[in-house]
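J.: Following this message is one structure expressed as structure tokens.
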Amino acid sequence: MTTLAPLLRQALDRREPAILVTVARAQGSTPREEGATMLVTRRASHGTIGGGQLEFHAIDVAREMMAVHDRERRLDLPLGPHLGQCCGGRVELVLSRADAQALGRLVEVERRIEMA
């Protein structure tokens, strides 16, 4: 598992905009489970929400959000022909601008996962 909290802390320390992309809902056959998260900055992405066109689309939307200073977006995406993913399920993604509060929540989530 990629630990995103240290990477987010570095981005925040550099005052670099960052977006957390989280699978909020997964129905049917999907590449990742609810709660899967990735971090997107202007130059890189870390972690994964499943790869393929789903991930490419999420990265594009995250970078668009940075350009227009959006705080949050929700995407409800069918994974079949619409995105060219063979899974066939449906995911809801939440893309949110990362800040110190988001870092605190991420640290807590990663700590719970590590202890499980």
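J.: So how many residues does the range 35-52 have that are surrounded by 13 or more Cβ atoms within 10 Å (Cβ to Cβ) and over 22 Å from ARG71 (Cβ atoms)?
T.: The qualifying residues number 3.
J.: Let me ask another. For the range 103-116, how many residues meet the condition of being buried (at least 17 other Cβ atoms within 10 Å of the Cβ) and farther than 17 Å from ALA24 by Cα?
T.: 1
J.: Next question, about the same structure. When you look at LEU12, is it among the aliphatic types (A, V, I, L, M), under 14 Å from the mean Cα position of the chain (by Cα) and surrounded by 15 or more Cβ atoms within 10 Å (Cβ to Cβ), yes or no?
T.: For LEU12, the condition - among the aliphatic types (A, V, I, L, M), under 14 Å from the mean Cα position of the chain (by Cα) and surrounded by 15 or more Cβ atoms within 10 Å (Cβ to Cβ) - is not met.
J.: Which residues, counting only those in the range 84-102, are farther than 14 Å from THR22 by Cβ and open to solvent by less than 20 Å² (accessible area, probe 1.4 Å)?
T.: GLY89
J.: Sticking with this structure for a sec: Condition test on LEU20, is it surrounded by 13 or more Cβ atoms within 10 Å (Cβ to Cβ), at pLDDT 95 or above and outside any strand (DSSP E or B)?
T.: Values: surrounded by 13 or more Cβ atoms within 10 Å (Cβ to Cβ): yes; at pLDDT 95 or above: yes; outside any strand (DSSP E or B): no.
Considered against the rule, which asks whether it is surrounded by 13 or more Cβ atoms within 10 Å (Cβ to Cβ), at pLDDT 95 or above and outside any strand (DSSP E or B), LEU20 comes out as no.
J.: Has the range 59-80 got any residue that is open to solvent by 20 Å² or more (accessible area, probe 1.4 Å), farther than 14 Å from VAL21 by Cα, over 16 Å from the mean Cα position of the chain (by Cα) and at pLDDT below 95?
T.: Yes.
J.: Which of the numbered conditions does SER29 fail, given that it passes all the others? Conditions: (1) over 20 Å from ARG111 (Cα atoms); (2) in a loop (DSSP other than H, G, I, E, B); (3) open to solvent by 30 Å² or more (accessible area, probe 1.4 Å); (4) free of Cβ contacts under 8 Å to residues at least 40 places away in the same chain.
T.: The one condition SER29 does not meet is (4).
J.: Quick one: would you say GLY80 is touching a residue at least 12 places away in the same chain (Cβ under 8 Å) and in a loop (DSSP other than H, G, I, E, B)?
T.: no
J.: Here's a follow-up. For the range 32-49, how many residues are touching a residue at least 60 places away in the same chain (Cβ under 8 Å) and farther than 22 Å from LEU77 by Cα?
T.: Final tally of qualifying residues: 0.
J.: Got a sec? Which of GLY80, GLY35, GLY47, GLY52 is small (Gly, Ala, Ser) and in contact with a Pro (Cβ under 9 Å, 6 or more places away or on another chain)?
T.: When all the criteria are applied, what remains is GLY52.
The values are calculated or read from the model by the stated rules, or taken from the named source; none is laboratory data. Note that this is a predicted model, so its numbers are computed, not measured. Cβ coordinates were reconstructed from backbone atoms using ideal geometry, including for glycine residues, and neighbour counts include every protein chain displayed. What goes into the accessible areas is simple: the full protein's heavy atoms, side chains included, and nothing from ligands, DNA or RNA. Shrake-Rupley method; radii C 1.70, N 1.55, O 1.52, S 1.80 Å.
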